[in-house]
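Structure record follows, encoded as structure tokens.
The values are calculated or read from the model by the stated rules, or taken from the named source; none is laboratory data. All figures in this text were calculated on a predicted structure; none of them were measured in a lab. Backbone-built Cβ (ideal geometry, glycine too); neighbour counts: all protein chains shown. In case anyone asks, the SASA skips ligands and DNA or RNA and just uses the protein heavy atoms, side chains included. Shrake-Rupley method; radii C 1.70, N 1.55, O 1.52, S 1.80 Å.
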Amino acid sequence: MKDIGKILPRAATGITGIDEVLKGGLPVNRLYLLQGQPGVGKTTFSVQFLIEGVRQGEKGMYITLSETEEEIRSVAASHGWNLDGISLQELSAQRAALEPSSQNTLFYPSEVELGETMRRVLDDIDRVGPKRIVFDSLSDLRMLSQSPLRFRRQILALKQYLASRDATVILVEDMSIEGGDLQLQSLAHGVITLEQHSPVYGADRRRLRVVKLRGSSFIAGYHDFRIETGGMKVFPRLTATDYPRLQSEEQISSDSPQIDELIGGGLAFGTSTLILGPAGTGKSALASTYAYAAARKGHKSIFFLFEEGLGTFFTRARSLGADLLPFAEDGTISVRHLDPAELAPGELVEQVREAVENAGVRMVVIDSVGGYLTAMLEENSLLSQMHEFLNYLRRRGVVVILVMAQHGFLGPAMAAPVDVSYLADNVILLRYFEAGGHLLKAISVVKKRAGWHETSIREYRVDASGVRAGKPLSGFQGLMTGTPRFTGREEALLSEGHEPSQ
């Protein structure tokens, strides 16, 4: 069967991201159904669609039964839009029924109202000759029709009429039925649904889904979107296989020979590393050290911070001898602080993709995964999206560092908020342990998917000299529990002001 999407040209929507989802836009001269709950953004979508048509030299018409012309213009003004070139037709079924031509006792009032309303619609379309039409909304037309059969017949007649006018049409409908009106969806060439979710805390989350696009390919599934001044912005769901695979043999060093020995030489491009441990063990410090080493080689990095402020981030890095500020000023390192209560999950993925594809970023650090989880509506969604996200970055040859804090400090009760260790190529584990009346730290590599890594546990220290590790802690038993038994010599541990022995 031929793909009709290859035959018909596409009508760009003018909405950032949605044309990527639609693989170029909506096939022209067809009828589409736009469904969603009140307030989700149907009017914004529709007006942007018409404005893009005007930009391309196409007349547009907005036919409204549910909103007044003043309300439509108010929406446009809030976004700074100019509606020149768009004909706004406000139809009031109630007003039509009171006109002398409609005062006929041989018909029920609903029949007269519907007939007068549709006559006005068709007359306005013939007069203006638009190439793009928005009909808002079908819910009002359904109310006038009184019966499902009569409503369906009216939509069929409208579809046949518009097909002869070579116009691309969007029919707007409020979602009064769970899952939408399936009969109505069957009449449309394509169906797009807009949804809105309200978490217990934080901003509402919006997402859209292309239910169908007859004879054409599109990116299926849910796509997050945001409405801000200037209009709607869609964040297409990431599909890793759409991107070619890049290969590199280069590795990023930590600048600590002992830590590099643990990981088997360094972090290879095209791999992901999870740094796991309790709060305060130096997870972010280790991530910053890798970024500092990458920056000195000219590789661009980007940090996404959920908990730590920008000021604290740069101050801490400088105190470790890894001054990242000069690299941030020249654009080698980019640092963004994100609020998980305001963040759509797809928005973070889109920011990462833009940084990799457009800015040439070679290292991505997410600090922390727990903050990212807070932005997700469901834990299962995090794992699915993280899987696709990491696959994409692997294919693009990017070094990924994920920082995750565990609950608790010592003992077997420590646990991560969600297990993503199986997704990462490398896992670096940081631990506290007690020795000689002091709380010390240990570092080990528990997983490396490709290649050799050291299986020993070393003492780990974060100070003005940076991050460093000592010799394997062979004098302890039970280090992983946080309550080890010491069987060696005290001088085998790292001492202040001394480099570790080889």
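Within segment 194-211, the set of residues being out of contact with any Gly (no Cβ under 6 Å at 6 or more places or on another chain) and assigned to a strand (DSSP E or B) comprises 195, 196, 197, 205, 206, 207, 208, 209, 210, 211.
Has segment 237-250 got at least one residue that is modelled with pLDDT of 95 or more and either in a strand (DSSP E or B) or surrounded by fewer than 17 Cβ atoms within 10 Å (Cβ to Cβ) (or both)? Looking for residues that are modelled with pLDDT of 95 or more and either in a strand (DSSP E or B) or surrounded by fewer than 17 Cβ atoms within 10 Å (Cβ to Cβ) (or both), one finds none in segment 237-250, hence no.
Hey, can you tell me all the residues within segment 338-362 that are within 17 Å of residue 401 (Cβ to Cβ) and open to solvent by less than 50 Å² (accessible area, probe 1.4 Å)?
338, 348, 349, 351, 352, 355, 356, 361
Any chance segment 60-79 includes a residue that's within 23 Å of the chain's Cα centre (by Cα) and aromatic (Phe, Trp, Tyr)? Checked segment 60-79: no residue is within 23 Å of the chain's Cα centre (by Cα) and aromatic (Phe, Trp, Tyr). Return a yes/no flag: does segment 356-368 have any residue that is part of a helix (DSSP H, G or I), touching a residue at least 24 places away in the same chain (Cβ under 8 Å) and touching a helix residue (DSSP H, G or I) at 6+ places or on another chain (Cβ under 8 Å). Within segment 356-368, one or more residues are part of a helix (DSSP H, G or I), touching a residue at least 24 places away in the same chain (Cβ under 8 Å) and touching a helix residue (DSSP H, G or I) at 6+ places or on another chain (Cβ under 8 Å).
Looking at 270, 265, which one is open to solvent by less than 40 Å² (accessible area, probe 1.4 Å) and within 22 Å of residue 387 (Cβ to Cβ)?
270
Residues of segment 9-54 that are more than 21 Å from the chain's Cα centre (by Cα), hydrophobic (A, V, I, L, M, F, W, C), crowded, with 22+ Cβ neighbours inside 10 Å and part of a helix (DSSP H, G or I): 47, 49, 50, 51.
Looking at 465, 474, 456, just one residue is modelled with pLDDT of 75 or more, open to solvent by 20 Å² or more (accessible area, probe 1.4 Å) and touching a strand residue (DSSP E or B) at 6+ places or on another chain (Cβ under 6 Å), and that residue is 456. Kindly indicate the residue of segment 200-210 that is at pLDDT 95 or above and open to solvent by less than 50 Å² (accessible area, probe 1.4 Å) and also farthest from residue 183 (Cα to Cα) among those meeting that condition. Result: 208. Here the condition is being surrounded by fewer than 19 Cβ atoms within 10 Å (Cβ to Cβ), over 19 Å from residue 233 (Cβ atoms) and in contact with a helix residue (DSSP H, G or I) (Cβ under 8 Å, 6 or more places away or on another chain); of 57, 85, it holds for 85 alone. Among residues of segment 321-337 being touching a residue at least 12 places away in the same chain (Cβ under 8 Å) and closer than 30 Å to residue 228 by Cα, the one that is surrounded by the most Cβ atoms within 10 Å (Cβ to Cβ) is 333.
Out of curiosity, is residue 91 at pLDDT below 90 and surrounded by 16 or more Cβ atoms within 10 Å (Cβ to Cβ)? Criteria met by residue 91.
Among the residues of segment 273-292, those identified as in a helix (DSSP H, G or I) and open to solvent by 10 Å² or more (accessible area, probe 1.4 Å) are 283, 284, 289, 292. Within segment 298-320, the residues that satisfy the criterion of being in contact (Cβ under 8 Å) with a residue 40 or more places away in the chain and either part of a helix (DSSP H, G or I) or open to solvent by 50 Å² or more (accessible area, probe 1.4 Å) (or both) are 300, 307, 319. If I filter segment 435-453 down to residues being in a strand (DSSP E or B) and among the charged types (D, E, K, R), which single residue comes out as surrounded by the fewest Cβ atoms within 10 Å (Cβ to Cβ)? Across segment 435-453, the extreme among qualifying residues is 447.
Kindly indicate which of 186, 216 is assigned to a loop (DSSP other than H, G, I, E, B) and either open to solvent by 50 Å² or more (accessible area, probe 1.4 Å) or within 23 Å of residue 50 (Cβ to Cβ) (or both). Residue meeting the stated conditions: 216. Within segment 259-288, residues that are charged (D, E, K, R) have Cβ atoms under 9 Å from residues that are open to solvent by less than 10 Å² (accessible area, probe 1.4 Å) and not in a loop (DSSP other than H, G, I, E, B) in these pairs: 261/469; 283/275; 283/277; 283/403; 283/404; 283/428; 283/430, counting only partners at least 6 apart in sequence or on another chain.
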